[in-house]
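To start, the structure itself, in structure tokens.
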Amino acid sequence: MTVKAIFFGSIGTLVETSDLQRRAFNQAFSEADLDWNWSAEVYQQLLTKSGGRDRIQDFANHHGTDVDASQLHLRKTEIFDGLMAQEALLLRPGIASVIVHAKANNWPLAFVTSTSKANVDAVFVALGDQIKRSDFSFVGNDTMVTNAKPNPDIYQKALSDLNLEARDCMAIEDTVASMASALAAGIACIGFPGAFAEARDFKGAVLVTDELSPNHLMTLDT
């Protein structure tokens, strides 16, 4: 394949947020007087499904509990955004060099997430000068599509807006569920597992790594 664009598919491909997300869920549950507490092991299992609102609803259904999953998820998002503002977040290993390489080769960069606009805004604020919104030719959010990941809609939206063919793009995803979205859109994907993801589960990825490098892209750009 010939790489002409890089699609970062999730917040977790840019910055490690797995435990912050877990803590935010648990605080939202506590505030709602729910006796739920997702351990790291439980949260790892729940990450096999994309979408926090769906995780809450599925968990509630499994335990026979009636909850307002949308309201809980909204509160979780508020807590998560606050935690990001408090923490000293750093880009994940290799991200900065990949962005520099892409810009040097005039490859468009896209942030192909179907999370909330508030989460997206919070990421850029938290990362400060490490990365700029203007580095990206496309920045997605959940208002752009009807169906969130693992449906391919947000990737198809990015391809359409950037006038790109799927065969010319490389996606980077941190969970198997989100990778399914890229693959369903016909886009090759590098597995970049987050802290709670299992590298061995990224079947279908062109490669799996815990540290990105421009060398990966140059090897694939043949």
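Any read-out appearing in this document is the output of simple, stated calculations on the displayed coordinates, not a laboratory observation. Worth saying up front: this structure is predicted, and the values here are computed from it rather than measured. Because the Cβ atoms are built from the backbone with ideal geometry, glycine has one as well, and the counts that use them run over all protein chains shown.
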Check your understanding: How far is helix 18-31 tilted, in degrees, relative to the longest principal axis of the Cα atoms in the chain, given as a value from 0 to 90 rounded to the nearest 10?
Key -> 20
Review point. Could you give the nm distance between label points at D201 and K49, where each point is 7 Å from its Cα heading toward the beta carbon?
Key: 1.3
Check your understanding: Can you list the aspartates and glutamates whose alpha carbon sits under 12 Å from that of K117, skipping same-chain ones fewer than 8 residues off?
Key -> E78, D81, D142
Revision key, fill the gap. Partner aspartates and glutamates whose C-alpha sits under 18 Å from that of K4, ignoring same-chain residues fewer than 8 away, are D135, D161, E165, D168, E173, D221
Study note, to complete from the structure: For the stretch 18-86, the dipole about the Cα centre with charges only on Cβ (Lys and Arg +1, Asp and Glu -1), to the nearest 20 debye, works out at 220
Practice item. Please compute the net charge surrounding A28, taking Lys and Arg as +1 and Asp and Glu as -1 over other residues with Cβ under 9 Å from its Cβ. Key: 0
Practice item. Calculate how steeply helix 95-104 sits against the longest principal axis of the alpha-carbon atoms of the chain, using the helix alpha-carbon long axis, and give the answer as 0 to 90 degrees to the nearest 10. Key: 40
Point to revise | Potential lengthening between T146 and E41 on full extension [0.36 nm per residue; Cα-Cα distance subtracted] | key: 34.7 nm
Check your understanding: If you line up the long axis of helix 153-162 against the longest principal axis of the chain, both from Cα atoms, how many degrees apart are they, to the nearest 10?
Key -> 30
Point to revise | Shape call, the chain: gyration tensor on alpha carbons, a/c limit 1.5 | key: prolate
Exercise for review: Per residue of the stretch 37-44, in order, report the coupling 6.51 cos²θ - 1.76 cosθ + 1.60 (Karplus, θ = phi - 60°) as ³J(HN,Hα) in whole Hz, putting x for Gly and Pro.
Suggested key: 8, 7, 6, 4, 5, 5, 5, 4
**Study point:** Length gained when the stretch Q86-V125 is fully extended (0.36 nm per residue, less Cα-Cα span)
**Key:** 13.0 nm
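Run the numbers on the stretch 18-86 and let me know its relative contact order in percent, using alpha-carbon pairs under 8 Å that are six or more apart.
With pairs under 8 Å counted, the relative contact order is 43 percent.
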Revision key, fill the gap. Simple spin-label estimate for D66/A96, 7 Å along Cα→Cβ, in nm, reads 5.3
Exercise for review: Mind telling me which of A184, A104, A28 comes out most flexible in a GNM of the chain, alpha-carbon contacts under 10 Å?
Suggested key: A104
Exercise for review: Note down the nm distance, to one decimal, between modelled labels 7 Å out along Cα→Cβ at E31 and at D210.
Suggested key: 3.3
Practice item. Identify the trypsin sites (Lys or Arg not before Pro) of the stretch 131-222 meeting these criteria: DSSP loop state and at most 10 other C-beta atoms within 10 Å of the C-beta. Key: K203
